[in-house]
Amino acid sequence: GVIEIPVVVNVLYRTAAQNISNTQIASQIAVLNADFAATNSDLNLTPSIFQPVLAGNTNIRFVLDAVVRKSTTTTSWSTNDAMKKAPKGIAPSSPTTKLNIWCCNMGGGILGYAQFPGGSSTTDGVVIDDNAFGSTGTVTAPFNKGRTGTHEVGHWLNLRHIWGDATCGNDLVGDTPLHNTANYGCPASGHRSTCSGTPVEMTMNYMDYTDDACMYMFTAGQNARMQAVFAAGGPRNSFAQP
């Protein structure tokens, strides 16, 4: 059946622009639902070589549960989880049954980061920069199609970077090709890695670092890895309970 994930969006803002609109928040939820259901309009751009391994509908659905807003004097945030804690941040709401997403102004060119399954519930969730959140409002090209959210929620569901965070590294998924390293921008289709077998790189996978307009697919193997976190004994089984 369909696994519905309630989503709490925690907005930390110093300026009016950073206090993103409900419309912008809704656009991110819509992108997540399209990408995880494989109904995104750019899925048809998938090269023929990768079409046999497309994930299809993951049956993971996201429903906006609440929006929490807090004014802050913090100019920018880092990856130290300060946005998730008092006194500056917002503590997560019901993190064992709700996906918490923090929207704030990230420093250092960071678009977002996520906590993998199995970590502390007090910091569990996803962080997204306010200019990369959703597909309307304050989003800035080339990260203006909500794919930072898709990428980070992929991590939250136990997906690794497609290059395995090492040269020709292992992302623990069998149907993704070996990548030399991260790809950026919009690489030409057919680019081959120099890894074993010189496979064509899947630069359009959500777990690469390409621009939003150039990432638009998960694989069946990635879907299986995500589903495993909801299984009995899995680290996110609490989300699969009725």
Restricting to the stretch 38-96, what's the tally of residues that are open to solvent by 30 Å² or more (accessible area, probe 1.4 Å), over 21 Å from ALA17 (Cα atoms) and of a type in the set (Val, Ile, Thr)? 6
Of the numbered conditions (1) over 20 Å from LEU172 (Cα atoms); (2) in a loop (DSSP other than H, G, I, E, B); (3) modelled with pLDDT of 95 or more, PHE239 satisfies every one except a single condition; which is it? (2)
Consider SER121 against the criteria (1) in contact (Cβ under 8 Å) with a residue 24 or more places away in the chain; (2) within 17 Å of the chain's Cα centre (by Cα): it satisfies all of them except one. Which criterion is unmet? (2)
Failed item in (1) farther than 30 Å from GLY109 by Cβ; (2) of a type in the set (Ser, Thr, Tyr); (3) in contact (Cβ under 8 Å) with a residue 60 or more places away in the chain, with TYR216 passing the rest: (1)
Checking GLY164 against (1) under 19 Å from GLY112 (Cα atoms); (2) in contact with a Cys (Cβ under 6 Å, 6 or more places away or on another chain), only one condition comes out false. Which one? (2)
Free of Cβ contacts under 8 Å to residues at least 24 places away in the same chain and closer than 20 Å to VAL153 by Cβ - does that describe any residue in the stretch 97-114? no
Go through the stretch 116-144 and give me each residue that's open to solvent by 30 Å² or more (accessible area, probe 1.4 Å) and either in contact with a strand residue (DSSP E or B) (Cβ under 6 Å, 6 or more places away or on another chain) or polar (S, T, N, Q) (or both). SER120, SER121, THR122, ASN131, SER135, THR136, THR138, THR140, ASN144
Could you tell me which of the residues GLY134, GLY185 is in a loop (DSSP other than H, G, I, E, B) and in contact with a Pro (Cβ under 9 Å, 6 or more places away or on another chain)? GLY185
Which ones in the stretch 185-218 are open to solvent by 40 Å² or more (accessible area, probe 1.4 Å) and among the hydroxyl-bearing types (Ser, Thr, Tyr)? SER189, THR194, SER196, THR198, TYR209
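The values are calculated or read from the model by the stated rules, or taken from the named source; none is laboratory data. Note that the coordinates shown come from a computational prediction; the quantities given were computed from them, not determined experimentally. Because the Cβ atoms are built from the backbone with ideal geometry, glycine has one as well, and the counts that use them run over all protein chains shown. Just so you know, the surface numbers come from the protein's heavy atoms only, side chains and all, with ligands and any DNA or RNA stripped out. Shrake-Rupley method; radii C 1.70, N 1.55, O 1.52, S 1.80 Å.
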